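Asker: To start, I am sharing the structure in question, which I have written as structure tokens.
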Amino acid sequence: MTLIKSISGIRGTIGGKPGEGLSPIDVVKFSAAYATFIQQQAGKNRVKIVVGRDARISGKMVSALVVSTLTAMGCNVVNIGLASTPTTELAVPAEHADGGIILTASHNPKQWNALKLLNDKGEFLNEKEGAEILKIADEESFIFAEVEQIGKVVMKDYTQYHISEVLKLALVDAEMIKAANFRVAVDAVNSVGGIIVPQLLHALGVGNVLEINCEPSGYFAHTPEPISENLVDVAKRVKAEDVDVCFVLDPDVDRLVILNEDGSMFNEEYTLVAVADYVLSKTPGNTVSNLSSTRALHDISEKHGQTYTAASVGEVNVVEKMKATNAVIGGEGNGGVIYPASHYGRDALVGIALFLTLLAEKKMKCSELRKTYPNYYMSKNKIELTPEIDVDDILLKIKEKYSHEKINDIDGVKIDFADSWVHLRKSNTEAIIRIYSEAKSEKEASNLASKLIDDIKEIL
């Protein structure tokens, strides 16, 4: 059993003793702490909270606990049921709500679930706010409402609202997409993407949609993280089915991975690169991604004469940097596209609509489009340490050793070389250092990671 309490929410495996897994008691305590925080922020007890969930097996049970707890705290709840993470994010301001809770463990396996917490803008809470909720939960400093003050629940479906908001975007051209006569596949890993994405594609004018794993049963058809090793069977089907492009989603639809018409990977790092290329060609402006994302976004930004800025890892950090730099497009290299013209959250639907418009405009195969972008290769590694080792001291010594290179230390240590980079970060939950490297060949990226691992071992 695992239970992880962090500033971004609470997540864990279903079952087990309270405090050891995501038990009903932990769900209730954390929901009550969140309600207390929102009530304090709003200066009133009768606040409105939006609740949405992905399709995982435990979702209905966890949702019942969360909704009941919120109403027991005196909150009114708008329960939007099965909904993607970006759908819930959009629903919060649309409802003029005071906050929102998304019930999803994102790409984690079926035994996991989580509560992800939003503010009144439908954006994730920052570090300070998350820490305050943890404190309220630990101290159990919440008070349930008396009987006449119990909140009310209304059920709403925000699927069509989200789709309509995507169609309203100035850079989404449904007529051009329709004229391209695409055949599009979508793998929704048997979660909520299977509800909303086929409807979006039809609304965009795609007449031929191949639905793969689109039944929202919560029984994931493959390991739900949309990375190449989990998509072998999907890739074979794409190649055999004569489609123009395949969109692969994670269970809560905030990440977008693209397969080319031949079943090859467009590469999850390049979802944001391609969308940014299109956005910058129409609306010049700054870009942002996190430190562990591909350098290709920097290259594309420079090609358009724009400025790229790196942010600490984590969606809330990327959003804060985007706001600070007035970025017109940003996100994360895991397939997370954040387009402020829509909202400040990763949104696979927005990514799909912008990518299809780009593909229709270019009039080329998906694999050919991929070849137009700078080619980098990434290696992702980690080194396990014993708990007593001072990870911060290790990172400081690495920084000193490479002080003659370009260093960014806002989140661990990132070393930028002429044609490559390596990023070292300590885990918040394990005694490990994550080592991401990128270069112009797989061998170079791997060798760079190995070199840094050797450097760390020398320090130890």
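Asker: Could you say whether any residue in the range 105-128 is hydroxyl-bearing (Ser, Thr, Tyr), in a loop (DSSP other than H, G, I, E, B), modelled with pLDDT of 95 or more and within 21 Å of the chain's Cα centre (by Cα)? Give the derivation first.
Answerer: Residues of the range 105-128 hydroxyl-bearing (Ser, Thr, Tyr): 106.
Adding the requirement that they be in a loop (DSSP other than H, G, I, E, B) leaves 106.
Adding the requirement that they be modelled with pLDDT of 95 or more leaves none.
Checked the range 105-128: no residue is hydroxyl-bearing (Ser, Thr, Tyr), in a loop (DSSP other than H, G, I, E, B), modelled with pLDDT of 95 or more and within 21 Å of the chain's Cα centre (by Cα).
Asker: Would you say GLY52 is under 22 Å from the mean Cα position of the chain (by Cα) and touching a residue at least 40 places away in the same chain (Cβ under 8 Å)?
Answerer: For GLY52, the condition - under 22 Å from the mean Cα position of the chain (by Cα) and touching a residue at least 40 places away in the same chain (Cβ under 8 Å) - is met.
Asker: Please pick out the residue among VAL238, VAL248, VAL234 that is surrounded by 24 or more Cβ atoms within 10 Å (Cβ to Cβ), among the β-branched types (Val, Ile, Thr) and within 22 Å of the chain's Cα centre (by Cα).
Answerer: Answer to the selection: VAL248.
Asker: Please enumerate the residues belonging to the range 138-195 that are in contact with a Leu (Cβ under 8 Å, 6 or more places away or on another chain) and hydroxyl-bearing (Ser, Thr, Tyr).
Answerer: Passing the criteria: TYR158, TYR161, SER191.
Asker: Restricting attention to the range 405-423, does a residue exist that is free of Cβ contacts under 8 Å to residues at least 40 places away in the same chain and among the hydroxyl-bearing types (Ser, Thr, Tyr)?
Answerer: yes
Asker: Can you say whether ALA131 is within 28 Å of TYR339 (Cα to Cα), at pLDDT 95 or above and of a type in the set (Gly, Ala, Ser), as far as the supplied structure shows? Steps first, please.
Answerer: Details: within 28 Å of TYR339 (Cα to Cα): yes; at pLDDT 95 or above: no; of a type in the set (Gly, Ala, Ser): yes.
Considered against the rule, which asks whether it is within 28 Å of TYR339 (Cα to Cα), at pLDDT 95 or above and of a type in the set (Gly, Ala, Ser), ALA131 comes out as no.
Residue-wise test of (1) at pLDDT 95 or above; (2) assigned to a helix (DSSP H, G or I); (3) crowded, with 24+ Cβ neighbours inside 10 Å.
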{"position": "TYR278", "(1), (2), (3)": "yes, yes, no"}
{"position": "GLU302", "(1), (2), (3)": "yes, yes, no"}
{"position": "PRO340", "(1), (2), (3)": "yes, no, no"}
{"position": "TYR344", "(1), (2), (3)": "yes, no, no"}
{"position": "GLY351", "(1), (2), (3)": "yes, yes, yes"}
{"position": "GLU361", "(1), (2), (3)": "yes, yes, no"}
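Asker: Of all residues in the range 363-379, which are surrounded by fewer than 13 Cβ atoms within 10 Å (Cβ to Cβ) and within 24 Å of SER420 (Cα to Cα)?
Answerer: LYS371, THR372, ASN375
Asker: Would you mind finding the one in GLU384, GLU438 that is surrounded by 19 or more Cβ atoms within 10 Å (Cβ to Cβ), in contact (Cβ under 8 Å) with a residue 24 or more places away in the chain and either in contact with a Phe, Trp or Tyr (Cβ under 7 Å, 6 or more places away or on another chain) or more than 22 Å from THR294 (Cβ to Cβ) (or both)? Walk me through it before giving the result.
Answerer: Numbers: GLU384 fails: surrounded by 19 or more Cβ atoms within 10 Å (Cβ to Cβ).
Going through GLU384, GLU438 in turn, just one is surrounded by 19 or more Cβ atoms within 10 Å (Cβ to Cβ), in contact (Cβ under 8 Å) with a residue 24 or more places away in the chain and either in contact with a Phe, Trp or Tyr (Cβ under 7 Å, 6 or more places away or on another chain) or more than 22 Å from THR294 (Cβ to Cβ) (or both): GLU438.
The values are calculated or read from the model by the stated rules, or taken from the named source; none is laboratory data. Just so you know, these numbers come straight off a predicted model, no measurement behind them. All Cβ positions, glycine included, derive from the backbone under ideal geometry; neighbour counts span all protein chains shown.
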